[in-house]
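See structure below.
The values are calculated or read from the model by the stated rules, or taken from the named source; none is laboratory data. From a predicted model like this one, the values you see are computed outputs, not experimental measurements. Cβ coordinates were reconstructed from backbone atoms using ideal geometry, including for glycine residues, and neighbour counts include every protein chain displayed. For the accessible areas, the whole protein counts, side chains as well, though only heavy atoms, and no ligand, DNA or RNA atoms are used. Shrake-Rupley method; radii C 1.70, N 1.55, O 1.52, S 1.80 Å.
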Amino acid sequence: LFLKTGTRGTVWPDPWHVWWGAACDGLKEARAYLLVQEYAVCLNVQGGPWRGDAFHGVIKAAAAEYFRKCDCSDGLYRSVYDRICEERQVPLMERGAEEHYASLFKDIQKAPVLNKKGEKVNMGRRY
């Protein structure tokens, strides 16, 4: 192509593009690609529509109100406590003590997701 057009250039292989395309094709064939799209929406929810940060502000305000009104005995917190412990790889022996409920409740108030919007997941780039 370069000789034919009389231009200079370099051919650079792009294995990640090929790999992602094959993975997407497999997901589509297995009828599981919708899951990838749903996760992309979830990962982008903080940004909100139209490239703004409106939803991130709403999430921060809702979290601040929740932490102001509730404590570690709240039912919502208790219902997700085990999942938080699993994500943080808390040993089983430390889970379930009232002191741990309280310390984890205090610790999650400083979670990065509540303080930093994060990067946008762009499905168009695909990798």
Matching option when the condition is assigned to a helix (DSSP H, G or I) and over 23 Å from Cys42 (Cβ atoms), among Ser79, Ser103, Ser73:
Ser103
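For Tyr39, are the conditions met, namely being surrounded by 13 or more Cβ atoms within 10 Å (Cβ to Cβ) and hydroxyl-bearing (Ser, Thr, Tyr)?
Values: surrounded by 13 or more Cβ atoms within 10 Å (Cβ to Cβ): no; hydroxyl-bearing (Ser, Thr, Tyr): yes.
Here the answer is no, as Tyr39 does not meet what is asked.
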Neighbours by Cβ (under 9 Å, 6+ apart or cross-chain): first from region 24-52, farther than 23 Å from Lys116 by Cβ and small (Gly, Ala, Ser); second outside any helix (DSSP H, G or I) and at pLDDT 85 or above:
Gly26/Ala32
Please name all residue pairs, on different chains or six or more residues apart, with Cβ atoms under 6 Å, provided the first residue is in region 100-111 and is more than 17 Å from Glu86 (Cβ to Cβ) and the second residue is not charged (D, E, K, R).
Ala102/Cys72; Gln109/Phe67
Extreme residue, nearest to Val113 (Cα to Cα), among residues of region 72-103 that are open to solvent by 80 Å² or more (accessible area, probe 1.4 Å) and of a type in the set (Asp, Glu)
Glu87
Filtering region 108-121 for residues that are surrounded by 12 or more Cβ atoms within 10 Å (Cβ to Cβ) and assigned to a helix (DSSP H, G or I) leaves a count of 3
